[in-house]
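Here's the structure we're looking at; comments come further down.
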Amino acid sequence: MAAATDNAQLALTSRAAEGSRSARRLRRTGRVPGVIYGGGEEPQLFAVDGRILRNTLAHSGAILQVALDGGSDTPVLVKDVQRHPVKGHAVHVDLLRVDMKVAIQTPVTLELHGADEAPGVVEGGVLSQSVIELTVEALPGDIPDSLHFDVSGLEMNATVTLSELKPPEGVTLVDDPETVLATITPPTKEPEPEEIETETELVGEGEEGEVAEGEAGAEGEAAAGDGGDEAEQASSDES
């Protein structure tokens, strides 16, 4: 995706520094608190309509044009958007004033494409993305929304480093060229189940048990027989 040249515009309303309670009241009315800073000027607190902010962020590039209280447009970079941990909507936004003629460094999301076509994945390998964001340096107007890498040609056990990623024109990659972006590894083998006794072994043990029981029964019968003979002999002697 190319860097956005048509910067979205966003209307901001200044607000007083009244603490977290005031910020909660703003959110209950559908507005999002934020701060704009940098550019050699003092930080300014603002509020913005949450619905408009969401739509603007979804359809804008890296740079926004904002107007505070109806003033002149100011180019800003979205430095941070804090979101609700459950609902996911924005609860606070940080904006950095920028000079469109001065290069800046900022993180940009890395997106991998073609994973389903990669030979290593087709063979059952697992594609792992090692980094989510990369730091770039560029003029504000040249900052891309995201960086893209095609992994459709990766074989099993392949490793991709930053040195293989070609950035858009006017963009410099700041991170170490040896930074690993993605790998394809063989699937993990299932552990071998422990050996279990076979049916034959179980049957054999059962037969031995039956034999033992039979022997014990025979001995019991023999003992009973001997006892009967002795009783019969004692009766005969008494007669």
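The values are calculated or read from the model by the stated rules, or taken from the named source; none is laboratory data. Note that the coordinates shown come from a computational prediction; the quantities given were computed from them, not determined experimentally. Here Cβ is always computed from backbone atoms with ideal geometry, including for glycine, and neighbour counts include all displayed protein chains.
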* Can you tell me how many residues in the range 133-155 are touching a strand residue (DSSP E or B) at 6+ places or on another chain (Cβ under 6 Å), free of Cβ contacts under 8 Å to residues at least 60 places away in the same chain and not polar (S, T, N, Q)? -> 9
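Sort through Val126, Val102 and tell me the only one that's surrounded by fewer than 18 Cβ atoms within 10 Å (Cβ to Cβ), aliphatic (A, V, I, L, M), on the phi < 0 side of the Ramachandran plot and over 25 Å from the mean Cα position of the chain (by Cα). Talk me through it step by step, then tell me what you get.
Details: Val126 fails: over 25 Å from the mean Cα position of the chain (by Cα).
Criteria check complete, one pass: Val102.
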* Could you say which residue among Leu64, Leu110 is surrounded by 15 or more Cβ atoms within 10 Å (Cβ to Cβ), under 22 Å from Val136 (Cβ atoms) and at pLDDT 95 or above? -> Leu110
* So which residues in the range 172-185 are assigned to a loop (DSSP other than H, G, I, E, B) and either more than 21 Å from the chain's Cα centre (by Cα) or not assigned by TED's automatic domain parsing to the domain that holds Ala138 (or both)? -> Val174, Asp175, Asp176, Pro177, Glu178
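Looking at this structure, is Leu64 out of contact with any Asp or Glu (no Cβ under 8 Å at 6 or more places or on another chain), assigned by TED's automatic domain parsing to the domain that holds Ser14 and assigned to a strand (DSSP E or B)? Spell out how you get there, then give the answer.
Working: out of contact with any Asp or Glu (no Cβ under 8 Å at 6 or more places or on another chain): yes; assigned by TED's automatic domain parsing to the domain that holds Ser14: yes; assigned to a strand (DSSP E or B): yes.
Answer is yes for this residue.
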* Structure fact -> Over the range 25-55, the set of residues assigned to a helix (DSSP H, G or I) and over 15 Å from Lys79 (Cβ atoms) is Arg25, Leu26, Arg27, Arg28, Gly50, Arg51, Ile52, Arg54, Asn55
* Structure fact -> Filtering the range 78-107 down to residues that are modelled with pLDDT under 95 and basic (Lys, Arg) yields Lys79, Arg83, Lys87
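Kindly check whether there is at least one residue in the range 48-62 that is free of Cβ contacts under 8 Å to residues at least 60 places away in the same chain, in contact with a Phe, Trp or Tyr (Cβ under 9 Å, 6 or more places away or on another chain) and either of a type outside the set (Phe, Trp, Tyr) or more than 20 Å from Ser22 (Cα to Cα) (or both). Step through it out loud before you land on a result.
Here is the first cut: in the range 48-62, the residues free of Cβ contacts under 8 Å to residues at least 60 places away in the same chain are 48-60.
Pick out the ones that are also in contact with a Phe, Trp or Tyr (Cβ under 9 Å, 6 or more places away or on another chain) and you get none.
The answer is no, given that none of the residues of the range 48-62 is free of Cβ contacts under 8 Å to residues at least 60 places away in the same chain, in contact with a Phe, Trp or Tyr (Cβ under 9 Å, 6 or more places away or on another chain) and either of a type outside the set (Phe, Trp, Tyr) or more than 20 Å from Ser22 (Cα to Cα) (or both).
Quick one: is Arg15 out of contact with any Leu (no Cβ under 7 Å at 6 or more places or on another chain) and without any contact (Cβ under 8 Å) to a residue 40 or more places away in the chain? Quick ask: steps written out before the conclusion?
Values: out of contact with any Leu (no Cβ under 7 Å at 6 or more places or on another chain): no; without any contact (Cβ under 8 Å) to a residue 40 or more places away in the chain: yes.
Criteria not met by Arg15.
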